[in-house]
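The values are calculated or read from the model by the stated rules, or taken from the named source; none is laboratory data. Predicted model, so just to flag it, every value in this text is computed and none were measured. Note: ideal-geometry Cβ built from the backbone for every residue, glycine included; neighbour counts use all protein chains shown.
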Amino acid sequence: MTATGTEPWILEMIDIHKRFGPVVANDGVHLAVARGEIHCLLGENGAGKSTLMKILYGLYSPDRGEIRIRGQRVAIRSPRDAMAAGIGMVHQHFMLVDRMTVAENLVAGMEPVRRGLLDLDRARQQVQAMAARYGLQVDPDARVQDLSVGQQQRVEILKALMRRADILILDEPTAVLTPQEVDELFQVMQQLKADGKTLIFITHKLRETMAFSDRVTVLRGGRHVGTVRTADTSPEALAEMMVGRQVMLRVSRPPAKPGETLLELERVSVVDKRGQPRLRHVTLSVRSGEVLGIAGVEGNGQLELEEAIAGLRPLAGGRIRIGGREPAQPGPRGRRALGLAHIPSDRLRRGLAAPLPVARNGILGRHWQAPFARRGLLRERAIRDHVGRLLASFQIRGRPDAPAATLSGGNQQKLVVARELADSPRVILACQPTRGVDVGAIAQIHRELLQRRAAGAAILLISADLDELMALSDRIAVLYEGEIVTEGPTEAFTKQQLGLWMAGQRPVPAAAKDSAPAKEGAAGA
Amino acid sequence: MTDAWEVIFHINTLTAALRLATPIALAALAGTLSERAGVINLGLEGKLLAGAWAAVYATYLTGAPWVGVLAAVAAGMLVGALLGLFAVGLRANHVVAGVGLNILLLGLTTWLMQVVWDSRGTSPTVAALPRWTIPGLRDVPLLGDLLGSHSPLVYFTLLAAPLLWVVLFKTPVGLRVRMIGEHPEAADTLGIPVHRLQYLSLLAAGGLAALGGAQLALGDLAWFSQNMSAGRGYMALAANVFGQWNPLGSLLASLLFALTDAMQMRIQTLPNPWPTELVQMLPYLLTIAVLSGAVRRSRPPAALGRHYPPEPGAGAP
Amino acid sequence: MLDGTPAGNARGWLRELAQSLGAIVLALLAGAALLAAAGYSVRDAYWSLYQGAFGNVYSIADTLLNAIPLLFTGLAVALAFRGGLFNIGTEGQMYAAALATALTALALPGWPPLLLITASLLAGAAAGAAWGFVPGFLRARTGAHEVITTIMLNYVAILLTTHLVKTRFKAPGPVDQTALIPAAARLPELVPATRLTWAIVVAVALIALVDWVLRKSSWGMDLELVGQNPSAAAYAGVPVAARTALTMAASGAIAGLAGSTLVLGVLHRFITHFSPGYGFTGIAVALAARARPWGVVPAALLFGALQAGGLSMQLFARIPADLITVIQGLVILFVAAPGLAALFRRRARGPVPVLPREGTR
């Protein structure tokens, strides 16, 4: 962990300032990374971690501040400069072209050429050589769209390595991985560290920070709060640094008192545009006062399940019943009429019309019904009152007249959640409800959902965050390749077992359960 | 009726189709290139007009049609740069910018026609492009008639399509251009200059489309007339969609459109019961039909029409 | 797509006004540069332009006369923009409607004026709606981009109406036109001895209606949603495909009325190739108006002035009037370029930076 070589730090970022208009993303941030260490950059959503790393990678340029590599001051004005300085980045949202092959994605920008034409054979060789060296198995001729998420991430890592990165930045690398894939990633990181690489990974998950890093730098509100050795700290201390106050890391979930069945899926099947099945005979039911969590790696049918229940996608087979009745009309209106609320997984694509004012977004989907409209005419006073209440109830900072785009990501999500929960729906379809939301708001949304549960709502929770699922759900079902492969009370599963189910494998029945209780953790951990 | 069919599918019709296809095909290739780079190129109509006008004007001044061709390319590149400035540099909506360019160039070419030649209908006749004959090919039956004797731009087009295919799919620069059209962020993170390549593609596309205009004006007619492109730029866009953003597909689709155009012209020269205007409608109706049928199954470049970098604010995590 | 300022948001319209004015000024400057390069006197050109548009009572009447069809076509294009659609087919919709109106007026000779006019206008609106519905339907069902289909239908409409008038409905004489419509079908004049008719009233009423629907009705909110974010619209339960077709039909109906009112008010018959490009100018009008219905009024007046002035410029300064088309194209380009406005903006609003230079290479 201590540096070898003359300079103690391989990377220093000194007094970095960056603002976007009135928003200050980085306010005098310092970062010092030692050669060959795994350094974690920790902070809530919106704390400025991504911005800082994008500055390092040349995607942004700082308003003020200095970057030093191996003691030498460098000017990084573009990714080219960053790569020349030995910096590589694995982005949170993969920078891969789905339709192209792995080899094409990997060599773009440094293509091997023969007589003026692309030499794909040599490209293939280069890829395979690099892959073998680091134990990152990939098929150079596979199309990216056919790869699993974990495989795609490997391609991203290879991309940086092939460009001779010594310093690797990993931005929220575990957000979409199963527990097993997270373990595999950690192995890869150890391998890279043994090879002399320096790793910086960005996360908001305390558990990973504690498990994987040598040292931690915490950012909050664009400012540098502190840097500690992981061995010398604890999750609680880190959380307090992240948020600035003591944080309740756990939400308590009282035992369920389930009542009548409010949401039923009976052998629901859905196909995509090419006729391929995306959901196969899914049968689920959720009762009043109960939360059913759907676990699964993204791409295994969660989106189709969400759309089918919400009425955004036609069923190729099967039935859906809400409150015992099938919807009278197709589409979301019929579902809403039966008491379904839908918190969509993509708030910007579906949940909000960002250019429209907050007030209008506050009645999205309800703008034909009383009290917001009468005979097709919008009633502005009622709308304003309602939106005012929504904003207050969730402490959302924003003006009703301003476009929803002016709200921060967290406030946008809170608006969507507030809106959907406002008319006490009987059934709540909550998809990634806390994605991109800061710790405080996460806790608030979780509490709100549990309150509805206590009040008798049936909640179907689809989330990529296993901790969230296990904290909130009474029962969990795992979706794999469009099928429910297992279902049971949350207590019956460990995280590892869920991970295996999510990967399509059947766990060996454990002789004794893990000592770590399944219900632990919550916001941000 | 059989007589009519035979006459329509006469070798002359097919030859005419090849000739008429050239402007559409060159414009379609231009569309393919720019859209592969992520820029919607609705300004093709304007580029055809600009190329046609520049070609005629330069030939008028110098008497040499080859100078006209060069002038057309220059004009086309200028227009391409303009589109780049507005659509890429100033982040205008691509469709609106294209429509604006078309209106601008329609007005400009018509205006200049009056300024220079004092005529609002047609320019004076100028020297046309020569007909090249390929020795040996001319004597081959059928094929010789079809391919043997054309304006050099026709042959150029037949070569340009496969050449563009090779460039797009087999060269490094083509890979980078395609990546920009699919995922500009990915390209940027790899150090590929997104805007620069988009500008270059638009310049090349402008030149290509303007060559189509040169063929329109000098390859057959030897004059410029108001709005002589008559919608061919839009047909070229449809041809591009139908051809799935592939240069070879665009060429074939353009031939299809030109065939109806040639048929329509041929029908008019025969004694027939079909009224002029109705027959003239054929190419336009075909375009609509093709577009409606083709779009469903098409997969345009994923980042087509998007500005890069996107507006921060809405959507920043 | 016009940077998404919805109809109901009154704040910031001042900024938009400045942007539109700036674009127009820039376009006029560019036009001046062009004139200078071609060796014309810019002063003569723009002076005769001004005279032709505002110089005397007759000029002003001409300006208004030219502005009236632009009120309709501009509104039509603006409505389509709000719904996320590009209606470039207003020219064709005008022709279809104009012929339908003329034929209806000719077919019902005995009717009293009010009924006859209403029926003829409705027929025109229906024809325009049909001509707009087809591209809308194709867009909704097959995804065929309406820019191309509407332009194709422009050509089809002109060819079709020309054919019909040449063959079936031709009035005796050398010109390709229909017979004169009965006197009862003529739109009454608003100002005597001009040709300014009640068409203005119809246009303004439509503008008020569209503005009100967009800002105050659930239907209007549906339309804005489809225009700004079709996925959110679907999520909110709006039948996106049906609304797409409906919006294009409504847009087509309004554009059609431009032709209908021309027939009933000014031409009193259908003449082939009667439109000096009112349909295309409507696009510039809608853009200059930032797709706001009431913004169409000053924009239409401006472009009507340009059109009237252009003729005068051609007559007196001997400068071909097509320069006006050039200026229109420039206005469209300048208005559509938000980057241009950003260059003049000193303070950013909200979290949007002034110049998004990040990542640009």
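Conditions tested, residue by residue: (1) farther than 22 Å from B:Pro193 by Cα; (2) surrounded by fewer than 21 Cβ atoms within 10 Å (Cβ to Cβ); (3) out of contact with any Lys or Arg (no Cβ under 9 Å at 6 or more places or on another chain); (4) without any contact (Cβ under 8 Å) to a residue 12 or more places away in the chain.
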| position | (1), (2), (3), (4) |
| --- | --- |
| A:Trp9 | yes, yes, no, no |
| A:Thr51 | no, no, no, no |
| A:Gln72 | yes, yes, yes, yes |
| A:Pro79 | no, no, no, no |
| A:Gln92 | no, yes, yes, no |
| A:Leu106 | no, no, no, no |
When (1) within 14 Å of chain B (Cβ to nearest Cβ); (2) buried (at least 16 other Cβ atoms within 10 Å of the Cβ); (3) closer than 30 Å to A:Trp368 by Cβ; (4) not polar (S, T, N, Q) are applied to C:Ala125, the one that fails is (1)
Those helices (runs of 4 or more DSSP H) completely within the range C:1-120 that have 3 or more residues that are polar (S, T, N, Q) and either surrounded by 15 or more Cβ atoms within 10 Å (Cβ to Cβ) or in contact with a His (Cβ under 6 Å, 6 or more places away or on another chain) (or both) are C:57-82, C:90-107
Flagged in the range B:216-244 as surrounded by 24 or more Cβ atoms within 10 Å (Cβ to Cβ), over 23 Å from B:Ser292 (Cα atoms) and of a type in the set (A, V, I, L, M), in numbering order, are B:Leu216, B:Ala217, B:Leu218
In the range A:111-137, residues that are closer than 24 Å to B:Pro184 by Cβ and more than 8 Å from every other protein chain (Cβ to nearest Cβ) total 4
Does B:Arg120 fit the bill of being within 7 Å of chain C (Cβ to nearest Cβ) and either loosely packed, with under 14 Cβ neighbours inside 10 Å or part of a loop (DSSP other than H, G, I, E, B) (or both)? no
Subject >> B:Leu208 being farther than 30 Å from A:Met110 by Cβ and either in contact (Cβ under 8 Å) with a residue 12 or more places away in the chain or not basic (Lys, Arg) (or both) >> reply: no
Conditions (1) without any contact (Cβ under 8 Å) to a residue 24 or more places away in the chain; (2) more than 14 Å from every other protein chain (Cβ to nearest Cβ); (3) at positive phi -> A:Gly275 fails only (2)
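Yes/no per residue for (1) surrounded by fewer than 15 Cβ atoms within 10 Å (Cβ to Cβ); (2) within 9 Å of chain C (Cβ to nearest Cβ); (3) closer than 17 Å to A:Leu407 by Cα:
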{"site": "A:Arg325", "(1), (2), (3)": "yes, no, no"}
{"site": "A:Pro330", "(1), (2), (3)": "yes, no, no"}
{"site": "A:Gly334", "(1), (2), (3)": "no, yes, no"}
{"site": "A:Ala337", "(1), (2), (3)": "no, no, no"}
{"site": "A:Pro344", "(1), (2), (3)": "no, yes, no"}
For B:Leu200, the lone unmet condition from (1) under 30 Å from A:Gly58 (Cα atoms); (2) within 14 Å of another protein chain (Cβ to nearest Cβ); (3) surrounded by 18 or more Cβ atoms within 10 Å (Cβ to Cβ) is (3)
By residue number, the members of the range C:32-75 that are within 20 Å of C:Leu190 (Cα to Cα) and of a type in the set (S, T, N, Q) are C:Asn56, C:Ser59, C:Thr63, C:Asn66
Every listed condition ((1) more than 14 Å from chain B (Cβ to nearest Cβ); (2) more than 19 Å from A:Arg215 (Cβ to Cβ); (3) in a strand (DSSP E or B)) holds for A:Met89 save (1)
_Within the range B:64-85, does at least one residue satisfy the condition of being at the interface with chain C (Cβ under 9 Å from one of its Cβ atoms) and in a helix (DSSP H, G or I)?_
yes
C:Val77 passes all but one of the listed conditions (1) in contact with a helix residue (DSSP H, G or I) (Cβ under 6 Å, 6 or more places away or on another chain); (2) at pLDDT 95 or above; (3) away from every other protein chain (no Cβ under 14 Å); the exception is number (3)
Of the residues in the range A:380-394 that are loosely packed, with under 14 Cβ neighbours inside 10 Å and not acidic (Asp, Glu), the one that is farthest from the chain's Cα centre (by Cα) is A:Arg381
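So, in the range A:356-379, exactly how many residues are at positive phi and surrounded by 21 or more Cβ atoms within 10 Å (Cβ to Cβ)?
Pass one, the range A:356-379, residues at positive phi: A:365, A:375-376.
So of that shortlist, the ones also surrounded by 21 or more Cβ atoms within 10 Å (Cβ to Cβ) come out as A:365.
Qualifying residue count for the region: 1.
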| task | Return yes when B:Leu252 is away from chain A (no Cβ under 14 Å) and without any contact (Cβ under 8 Å) to a residue 60 or more places away in the chain and no when it is not. | result | yes
Residue hits (the range B:255-286; of a type outside the set (S, T, N, Q), assigned to a loop (DSSP other than H, G, I, E, B) and away from every other protein chain (no Cβ under 11 Å)) are B:Leu270, B:Pro271, B:Pro273
Flagged in the range A:347-378 as in a loop (DSSP other than H, G, I, E, B), more than 8 Å from chain C (Cβ to nearest Cβ) and in contact (Cβ under 8 Å) with a residue 40 or more places away in the chain, in numbering order, are A:Gly362, A:Ile363, A:Arg366
Is it the case that some residue within the range B:227-245 is more than 11 Å from chain C (Cβ to nearest Cβ), within 30 Å of B:Val115 (Cβ to Cβ) and small (Gly, Ala, Ser)? yes
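Please go through the range A:393-413 and pick out each residue that is closer than 20 Å to A:Pro433 by Cβ, without any contact (Cβ under 8 Å) to a residue 60 or more places away in the chain and more than 9 Å from chain B (Cβ to nearest Cβ). If you could, list the steps in order and put the result at the bottom.
Applying the first criterion (closer than 20 Å to A:Pro433 by Cβ) to the range A:393-413 yields A:393-398, A:404, A:407-413.
Applying the additional criterion that residues be without any contact (Cβ under 8 Å) to a residue 60 or more places away in the chain yields A:393-398, A:404, A:407, A:411.
Those that are closer than 20 Å to A:Pro433 by Cβ, without any contact (Cβ under 8 Å) to a residue 60 or more places away in the chain and more than 9 Å from chain B (Cβ to nearest Cβ): A:Ser393, A:Phe394, A:Gln395, A:Ile396, A:Arg397, A:Gly398, A:Leu407, A:Asn411.
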